[in-house]
Amino acid sequence: MKTFKSYTIRLETVFSNIYITEATDINGIKLVKLNLGKSGGCVSAHLSVLAELITSSLNTENKQLLMNCVGIKCPSMPCC
């Protein structure tokens, strides 16, 4: 039987709070989930896909996909 420990952090953005949940075992992070406040729809779907890509990258030997994503940011929006 595997035992996982998980925790959730809240990241405040100009749009809403993003909740990041990580599940770990003795070997490291095994699962990542991303939720955007109480919203649903398109943005939440994109976050779910992103979480699946992160989880897949963490659980394979090839870390290139994850490394390619490091540093990508949304540019500052003058209206916000």
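Nothing in this text is a laboratory measurement; each read-out follows from the coordinates by a stated rule. Source: prediction; values computed, not measured. So basically every Cβ, Gly included, is an ideal-geometry build from the backbone, and we count neighbours across all protein chains shown.
Laid out as a table, the results:
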quantity	calculated
Count of segment 12-30 residues which are closer than 22 Å to N59 by Cβ and assigned to a loop (DSSP other than H, G, I, E, B)	2
Residue match in segment 31-38 (condition: within 19 Å of I54 (Cβ to Cβ), free of Cβ contacts under 8 Å to residues at least 60 places away in the same chain and part of a loop (DSSP other than H, G, I, E, B))	no
